[in-house]
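The values are calculated or read from the model by the stated rules, or taken from the named source; none is laboratory data. Values in this document were obtained by computation on a predicted structure and should not be read as measured data. When we count neighbours, we look across all protein chains shown, and the Cβ atoms used for this are built from the backbone with ideal geometry, even at glycine.
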Amino acid sequence: MLASHSNLTRRILSALVAIPIMLGAIYWNAWSYFLLFLLILVLTMLEFYQLFKLQGASPLKFWGTLTGVLVYTFMFIYVQGLVTAQIFYVLIPVVALIYLVQLYKKHDPTPFTSIAYTVLGIIYISIPFALLHLLAFTQGFYDYKIVLSILYILWANDIGAYGVGSTLGKHQLFKRISPKKSWEGSIGGAILALLVSYILARYYKFWCLWQWLGTAIITVTAGTYGDLIESLLKRSMNMKDTSSIIPGHGGFLDRFDSFLLAIPLILAFSKAEQGLALSKNSKQPSPMAYMTATSMQDPNNPLESMMARLAEAAQLLKLDERIYHVLKEPAKEITVSLPVVMDDGTIRVFKGYRVIHSNLLGPSKGGIRYNPLVNLDEVKALAAWMAWKCALVGIPFGGAKGGIQCNPKEMSVGELERLTRAYTRAMLNVFGPDKDIPAPDMGTGPREMAWLMDEYGKGHQIIAPAVVTGKPLVIGGSQGRVEATGRGIMVATLAAMKKLHLKPQQATIAIQGFGNVGAYAALLLQEQGAKVVAISDLSGTYYAEKGIDIRQAMQHKAQHKKLAGLAGVKKLSHEAVLTLPVDVLIPAAMENVITKANAHQIQAKLIVEGANGPIAATADAIIHKKKGIMVVPDILANAGGVVVSYFEWVQNRSGDSWPQERIEMQAASTIQEAFERVYKVSKQYGVSMRTAAYITAIEKVTQAYQYRGSF
Ligand code: NAD
């Protein structure tokens, strides 16, 4: 009895020591977690072979352990996407050959027995370990929190069975196989495992409750069976426990004896569950339903990037398929042709767009972009991003976006005014303070917004400042709107740096794009003590190791319209800004600048998306999973602009005017709170900040849809 108690204490203590170490490793990254388990694997395999050595057998201890390490490592790097599955086909004959050579060299009198014991070690330990990682990959993405969770359940079963069995156990389970196993102990283990799986279901939402409970039931049943097999094996070979590495019955090895059956069965269960979801025509769609709907044709198309991320979040949320199909389509798409008399008397016809993605949470809100590359897909993606952004930061707006295919840099002020007025006339019945509220975006600013407000007022015979935000101060604009997006980026960057334990005073920053967003983000971060070592625009990247004087750069840009010619800096190519060895990278120019092609070269520890969609969806896996870079996604990082736009709209409607400090404080706390919400969800689901931001936003829009009952 005393011995049983000390065994139980050892079991609990070893779990208590292991859990914080594992948690530490898990919150570091997948690689630290892998290395920790590699060490456990080696110790367990050595113990396994030691067990046979004590029986006078001669397994190939070194080669068996090495093969185990290779199988485990290859599985890990395979699920990380670094090698293909074919590597295993090469591994098997190479290992077989090595074994034959070793046996030949050893002059082993019982070569087949040695090989059998060696291979048994691999099958018994290394393959279940490796399968554990494959299991974590069955979601379509690798999540090592699944690995840890399964271990918790296994341990809970083990500790529960041992604890209850050694104190209350009276009725033996299978007397001849394992005299110590009792029904009471097995029930105790089952209860603890189910309890742990219930707790896991509350925190880790990549599986629903019944998947967690199903996993626990398999673990308890197959785990107990695996334990019995181990006992049977030892008994039939008349083997004693080793306890050579840590004390207790079976030492290290004993912690994993239930792996053998439990892991392959959980893997099969997980696969079967996915297959079931695929075949049944339920309202809970299978992941495949989302993926097929969004299979990417053009990885650089921002709309496809947006769709891929929406699909991933919908899949994790197990969103009702009907709602998913509603959310992915814009509510309204308008394309107009705008004839404008140019200064030379000719008439040019410009293409204009307005897309309203959704107005479920309130009137739609979104900027107007003037750029030669504007197209409907881009505007559709930007409109959807606005919808998620407003939902995420909790302002009562839906999402929209507009754009005109034009090059504002080549147009006179008169031409731009005529174009803006023509666009507004075409949208007279679309815009409205309670319908759809535009704002500036790339290529537009307060001046264009003033023309828009004026033309809208003339068309409706009213004065309606709340129809547009981002206006000049004197006609109803808000304090702090000009720098609002840059300020939001500063707040989000500092919040993320804190999580990464990066001190602003020691951090270096590179910023792509030196327009409204990039320049103010640079200025405000510099004011916080960070060193902005690189800035860029279309003319190139400008680098200074000691930091750039951002105020001087802003003056230079205002005067010369570009950064070229800035004093005291080294000029690099315009893409160089993305791959410099800095702590923080802020792409604040345009979408899809970071793709599969250049993602590998990024050296920053943190990317804060100033622009909308600067990272293509195809680069997500490299950035998040392979390189472990934290990304503060656009819909969170650059939401400061729309938050202050909302304040402007509130002021216009109430006829009030708020002081700058109030606006800055309220905007900063809105972004800070949204950041913390997203960070919490990312930990809860074990996903990137981007996926977490989508999950948070989509949950909110879905709720609005369900309350409004539009089916
Ligand atoms: P902007 O027109 O004021 O500035 C864009 C800057 O990026 C310019 O300096 C331009 O030279 C530079 N640039 C363009 N392409 C580049 C490239 N390939 N490499 C390097 N530099 C390049 O525009 P902005 O208002 O600062 O907007 C920038 C981005 O931020 C856009 O994606 C926009 O949708 C997004 N955004 C803007 C706001 C806002 O309030 N202005 C709000 C949210 C998101």
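Please list, ordered by first then second residue, the pairs with beta carbon atoms under 8 Å, 6 or more apart or interchain, first in the stretch 610-622 and more than 10 Å from residue 590 (Cα to Cα) and free of Cβ contacts under 8 Å to residues at least 40 places away in the same chain, second of a type in the set (A, V, I, L, M) and within 7 Å of the ligand (Cβ to nearest atom).
Once the first residue is more than 10 Å from residue 590 (Cα to Cα) and free of Cβ contacts under 8 Å to residues at least 40 places away in the same chain and sits in the stretch 610-622, no partner that is of a type in the set (A, V, I, L, M) and within 7 Å of the ligand (Cβ to nearest atom) comes close enough.
Would the stretch 628-649 turn up any residue that is over 23 Å from residue 485 (Cβ atoms) and touching a Ser or Thr at 6+ places or on another chain (Cβ under 9 Å)? Steps first, answer last, please.
The first filter runs over the stretch 628-649 and keeps only residues over 23 Å from residue 485 (Cβ atoms), leaving 628.
So of that shortlist, the ones also touching a Ser or Thr at 6+ places or on another chain (Cβ under 9 Å) come out as none.
No, that holds for no residue.
Looking only at the stretch 303-325, count every residue that is crowded, with 22+ Cβ neighbours inside 10 Å and in contact with a Pro (Cβ under 6 Å, 6 or more places away or on another chain) and tell me the total.
The qualifying residues number 1.
Take the residues in the stretch 613-630 that are more than 20 Å from residue 583 (Cβ to Cβ) and hydrophobic (A, V, I, L, M, F, W, C); name whichever of them is farthest from the ligand (Cβ to nearest atom). Give the steps one after another, and end with the answer.
To start, the set of residues in the stretch 613-630 that are more than 20 Å from residue 583 (Cβ to Cβ) comprises 613, 616-618, 620-621, 625.
Keeping just the survivors that are hydrophobic (A, V, I, L, M, F, W, C) gives 616-617, 621.
Details: 616: 14, 617: 16, 621: 23 Å.
Within the stretch 613-630, the match that is farthest from the ligand (Cβ to nearest atom) is 621.
Restricting the first residue to the stretch 500-529 and requiring it to be within 15 Å of residue 641 (Cβ to Cβ), which pairs with a second residue that is among the acidic types (Asp, Glu) meet a Cβ separation below 6 Å and a spacing of at least six or different chains?
520/483
Any residue in the stretch 479-501 that is away from the ligand (no atom under 14 Å from the Cβ), surrounded by 21 or more Cβ atoms within 10 Å (Cβ to Cβ) and of a type in the set (Ser, Thr, Tyr)?
Yes, the stretch 479-501 has at least one match.
Can you name the residue in the stretch 502-544 that is farther than 26 Å from residue 369 by Cα and of a type in the set (S, T, N, Q) and, of all such residues, is surrounded by the fewest Cβ atoms within 10 Å (Cβ to Cβ)?
505
With respect to residue 338, is the statement that it is more than 25 Å from residue 414 (Cα to Cα) and either part of a strand (DSSP E or B) or away from the ligand (no atom under 16 Å from the Cβ) (or both) true? Steps first, please.
On the way: more than 25 Å from residue 414 (Cα to Cα): no; either part of a strand (DSSP E or B) or away from the ligand (no atom under 16 Å from the Cβ) (or both): yes.
Against the criterion (more than 25 Å from residue 414 (Cα to Cα) and either part of a strand (DSSP E or B) or away from the ligand (no atom under 16 Å from the Cβ) (or both)), residue 338 does not qualify.
Looking only at the stretch 631-661, which residues are buried (at least 23 other Cβ atoms within 10 Å of the Cβ) and away from the ligand (no atom under 16 Å from the Cβ)?
652
Taking only the stretch 662-673 into account, find how many residues are loosely packed, with under 15 Cβ neighbours inside 10 Å and of a type in the set (Asp, Glu).
1
Of all the residues that make up the stretch 156-177, how many are at pLDDT below 65 and either hydrophobic (A, V, I, L, M, F, W, C) or under 46 Å from the mean Cα position of the chain (by Cα) (or both)? Quick ask: steps written out before the conclusion?
We begin by selecting, within the stretch 156-177, every residue at pLDDT below 65; these are 176-177.
Those still in the list that are either hydrophobic (A, V, I, L, M, F, W, C) or under 46 Å from the mean Cα position of the chain (by Cα) (or both) too: 177.
Of the residues in that region, 1 qualify.
Within the stretch 81-135, take every residue that is more than 22 Å from residue 57 (Cβ to Cβ) and not in a helix (DSSP H, G or I) and give me the one that is modelled with the lowest pLDDT. First the steps, then the outcome.
Kept after step one, since they are more than 22 Å from residue 57 (Cβ to Cβ), are these residues of the stretch 81-135: 81-94, 97, 129-135.
This time we only want the ones that are not in a helix (DSSP H, G or I), so: 81-85.
Details: 81: 63, 82: 69, 83: 71, 84: 69, 85: 69.
The selected residue is 81.
What is the one condition in (1) surrounded by fewer than 19 Cβ atoms within 10 Å (Cβ to Cβ); (2) more than 13 Å from the ligand (Cβ to nearest atom) that residue 409 does not satisfy?
For residue 409, the failing item is (2).
When you scan the stretch 451-493, how many residues do you find that are part of a helix (DSSP H, G or I) and farther than 21 Å from residue 640 by Cα?
Initially, the stretch 451-493 is screened for residues part of a helix (DSSP H, G or I), giving 451-460, 465-467, 473-475, 484-493.
Checking the rest, the ones that are also farther than 21 Å from residue 640 by Cα come to 451-460, 474-475.
Count: 12.
For residue 671, which of the numbered conditions (1) touching a helix residue (DSSP H, G or I) at 6+ places or on another chain (Cβ under 8 Å); (2) at pLDDT below 95 fails to hold?
(2)
Tell me, yes or no, whether the stretch 182-189 has at least one residue that is surrounded by fewer than 22 Cβ atoms within 10 Å (Cβ to Cβ), at pLDDT below 80 and out of contact with any Lys or Arg (no Cβ under 6 Å at 6 or more places or on another chain). Walk me through how you get there before you give the answer.
Residues of the stretch 182-189 that are surrounded by fewer than 22 Cβ atoms within 10 Å (Cβ to Cβ), as a first pass: 182-184, 187.
Then keep just the ones that are at pLDDT below 80; that gives 182-183.
Of the ones still in play, those that are also out of contact with any Lys or Arg (no Cβ under 6 Å at 6 or more places or on another chain) are 182-183.
Yes: one or more hits.
Okay, residues lined up against (1) within 14 Å of the ligand (Cβ to nearest atom); (2) without any contact (Cβ under 8 Å) to a residue 24 or more places away in the chain; (3) in contact with a Cys (Cβ under 9 Å, 6 or more places away or on another chain):
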{"position": "306", "(1), (2), (3)": "yes, no, no"}
{"position": "310", "(1), (2), (3)": "no, no, no"}
{"position": "321", "(1), (2), (3)": "no, no, no"}
{"position": "332", "(1), (2), (3)": "no, no, no"}
{"position": "344", "(1), (2), (3)": "no, yes, no"}
{"position": "379", "(1), (2), (3)": "yes, no, no"}
{"position": "384", "(1), (2), (3)": "yes, no, no"}
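Step by step: first the residues of the stretch 412-450, then only those that are of a type in the set (A, V, I, L, M) and assigned to a loop (DSSP other than H, G, I, E, B), then the one that is nearest to the ligand (Cβ to nearest atom). Which residue is that? Please lay out each step first, then the result.
The first filter runs over the stretch 412-450 and keeps only residues of a type in the set (A, V, I, L, M), leaving 413, 416, 419, 422, 426-428, 430, 437, 439, 442, 449-450.
Then keep just the ones that are assigned to a loop (DSSP other than H, G, I, E, B); that gives 427-428, 430, 442.
Values: 427: 19, 428: 24, 430: 20, 442: 4 Å.
Here the answer is 442.
Does residue 476 satisfy the criteria of being within 22 Å of residue 653 (Cα to Cα) and in contact (Cβ under 8 Å) with a residue 24 or more places away in the chain?
Values: within 22 Å of residue 653 (Cα to Cα): yes; in contact (Cβ under 8 Å) with a residue 24 or more places away in the chain: yes.
It is true that residue 476 is within 22 Å of residue 653 (Cα to Cα) and in contact (Cβ under 8 Å) with a residue 24 or more places away in the chain.
How about the stretch 505-612: which strands (runs of 3 or more DSSP E) wholly inside it have at least 1 residues that are more than 16 Å from the ligand (Cβ to nearest atom), within 25 Å of residue 484 (Cα to Cα) and not acidic (Asp, Glu)? Outline the logic, then answer.
Values: elements: 508-512, 531-537, 540-543, 570-572, 584-587, 606-608.
In the stretch 505-612, 508-512, 531-537, 584-587, 606-608 are the strands (runs of 3 or more DSSP E) which contain 1 or more residues that are more than 16 Å from the ligand (Cβ to nearest atom), within 25 Å of residue 484 (Cα to Cα) and not acidic (Asp, Glu).
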